[in-house]
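Quick notes on the structure that follows.
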Amino acid sequence: MKPQWSRRSLLAQALGKIDEASRAVTPPIHVTTTFIRDPDNQYRSGNVYGRPDNETVREAEAVVAMLERAAGALVFGSGMSAATAVFLSLAPGDHVVAPTVMYWALRNWLKLDAAQWGLRVEFVDTSDLAAVKRAVRRGETKLVWLETPSNPMWSVADIAAVCEIAHGAGAVVGVDSTVATPIFTRPLELGADIAMHSATKYLNGHSDVIAGALATAREDERWTRIKRVRATLGQILGPFEAYMLLRGMRTLEARVRMQSASAMTVAEHFAKDSRVLDVLYPGLPTHPGHDVAARQMLGGFGGMLSIRLRAGEEAAVRAAANVKLWKRATSLGGVESLIEHRASIEGPGTPCPGDLLRLSVGLEDPADLIADLDQAIGANS
Ligand code: PLP
């Protein structure tokens with residue numbers, strides 16, 4: 001009988017496939033845009049054209065499916081194209097429930113473009129189950145979208161409880177699990193229908209690829225529609241990027257466990273700092289989502305946190321300007337630690353407080369990260 005290797009072992013070897021032609025341990029990058037048709041006019045390889053068909057892309061997808069214990073996975077040219085493919089698989093007129101606080105660019109797209117295209121999107125606090133229950137309409141709501149922990153307050157939605165509400169009303173549940181990563185949360189095992197990742201972040205992990213991923217609980221009609229959206233709109237990941245993603249994912253578990261431990265150290269340190277109004281991190285017992293996170297997140301609370309400065313917005317902008325080790329940049333999930341004055345990038349109408357600094361904890365020594373942030377805040381007070 002074939003041994004059942006653990007997910008950690010399979011991940012380290014990106015499923016351990018050996019290239020038959022060359023016997024290479026590291027997979028080759030398949031760049032062809034077209035494939036030979038058999039003399040009898042068939043395409044027995046299953047490969048016809050590079051937009052839907054690419055072997056390097058499929059290898060990356062197999063790893064994502066393994067990580068999420070999914071029936072299938074698709075990678076995309078960005079996290080945004082992965083998420084929007086789910087919404088574009090709905091029909092104009094469909095009712096959708098989405099979080100009030102979520103990745104800002106997707107929220108803006110839902111508010112402006114998806115609404116214009118005919119989706120009826122209702123934003124609620126998805127960490128409040130009563131609010132979700134009130135918003136979901138039997139037979140009308142087709143999708144409940146969650147992001148947990150969610151940008152940039154790291155509020156936590158109870159995936160299993162929301163699935164019960166949504167499924168009871170005939171809706172499916174999609175979860176942006178970018179920040180949780182498949183190491184700490186498996187949305188499909190909690191009942192979700194689709195898990196989504198900005199693979200730009202932890203999955204790739206090195207701030208050098210823009211990519212997205214979806215994983216599905218079932219190969220159903222909705223999944224077929226999503227595949228068609230990707231193939232026809234061409235929201236594909238190029239083979240070089242798919243290879244980079246495949247390489248990055250091999251070290252996912254080692255990276256995120258270390259990042260999560262460091263984020264906890266940083267959070268606990270600044271929670272005791274009188275210059276800090278609040279530390280938002282689901283790993284802290286004071287965080288409103290802590291109990292759900294402790295149940296739902298397996299072995300870690302992730303590498304993202306935010307701090308709010310008592311001295312206000314200008315002090316937060318100045319603190320970000322004063323860092324020497326942290327890198328002042330948007331994005332998250334890379335090996336280098338990033339700091340960002342989040343309200344500035346989200347712009348007018350953001351629900352993000354002006355005094356908030358978003359922190360993506362990388363692989364540096366947490367003592368150095370604390371010392372640097374300490375001096376950066378100190379220069380303001
Ligand atoms: N979801 C989350 C939680 C994100 O942080 C981001 C990007 O910052 C996205 C989705 C969008 O991903 P991408 O930038 O890969 O399109």
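Could the peptides 27-40, 108-121, 286-299 be put in order, highest first, of the mean number of other beta-carbon atoms found within 10 Å of their residues? Don't skip to the end; give the middle numbers.
Working: 27-40: 11.9, 108-121: 15.1, 286-299: 17.4.
In decreasing order of mean packing, 27-40, 108-121, 286-299 become 286-299, 108-121, 27-40.
Distance between the C-alpha centres of the stretch 1-33 and the stretch 80-116: 35 Å, rounded to the whole angstrom. Using a cutoff of 8 angstrom between alpha carbon atoms and counting only pairs six or more residues apart, the relative contact order for the chain works out to 16 percent. Annotation: amide H-H contacts under 5 Å for Glu122 (H modelled 1.01 Å from N, sequence separation of 5 or more, or interchain): Val96, Val97, Ala98. Sorted from greatest to least, the principal axis extents spanned by the alpha carbons of the stretch 285-350 come out as 37, 28, 22 Å. Shape class of the stretch 22-88 from the alpha-carbon gyration tensor: oblate, with a/c at 1.5 or above and b/c at least as large as a/b. If the Kirkwood radius is taken over C-alpha pairs of the stretch 252-378, then at 25 °C and 0.890 mPa s the Stokes-Einstein diffusion coefficient equals 168 µm²/s.
Note on Arg8 and Ala91: the model spin-label points, each 7 Å out from Cα along the C-beta direction, lie 4.8 nm apart.
Please report the antiparallel percentage of DSSP beta bridges with both residues in the stretch 66-225, rounded to the nearest 5.
Numbers: 11 of 27 bridges.
So the antiparallel bridges in the stretch 66-225 amount to around 40 percent.
When the Kirkwood hydrodynamic radius is evaluated over all pairs of different C-alpha atoms of the stretch 40-127, what value in angstrom, to one decimal, is obtained?
The answer is 15.5 Å.
How much of the pair distance distribution for the stretch 149-248 lies past 17 Å, counting alpha-carbon pairs only, in percent? The answer is 58 percent, as a whole percent.
Footprinting exposure proxy ranking of Leu106, Leu129, fewest other C-beta atoms within 10 angstrom first, gives Leu129, Leu106. Among 315-322, 346-353, the peptide with the highest mean count of other Cβ atoms within 10 Å heads the list, and the full ranking is 315-322, 346-353. Peptides 9-15, 205-211 ordered by packing proxy, namely the average of other Cβ atoms within 10 Å per residue, highest first: 205-211, 9-15.
Within the straight-line cut-off of under 27 Å between alpha carbons, the lysines reachable from Lys111 are Lys133, Lys142, Lys201, Lys227, sequence neighbours fewer than 8 places apart in one chain being disregarded.
What's the long-distance tail for the stretch 150-202, i.e. % of Cα pairs beyond 18 Å?
Details: 405 of 1378 pairs.
Counting every Cα pair in the stretch 150-202, those more than 18 Å apart make up 29 percent.
With springs only between Cα atoms under 10 Å apart, run a GNM on the chain and tell me which of Ile307, Ile165, Ile345 wobbles the most. Taking springs between Cα atoms under 10 Å, the residue moving most is Ile345. Shape analysis of the chain yields a ratio of the Cα radius of gyration to the Kirkwood radius, Rg/Rh, of 0.99. If only the Cβ of Lys and Arg carry +1 and only the Cβ of Asp and Glu carry -1, the dipole of the chain around its Cα centre is close to 460 debye.
Here, each number is a calculation from the coordinates, and none is a lab measurement. The structure displayed is predicted, hence computed values, not measured ones. Neighbour counts run over all protein chains shown; Cβ positions are idealised from the backbone, glycine included.
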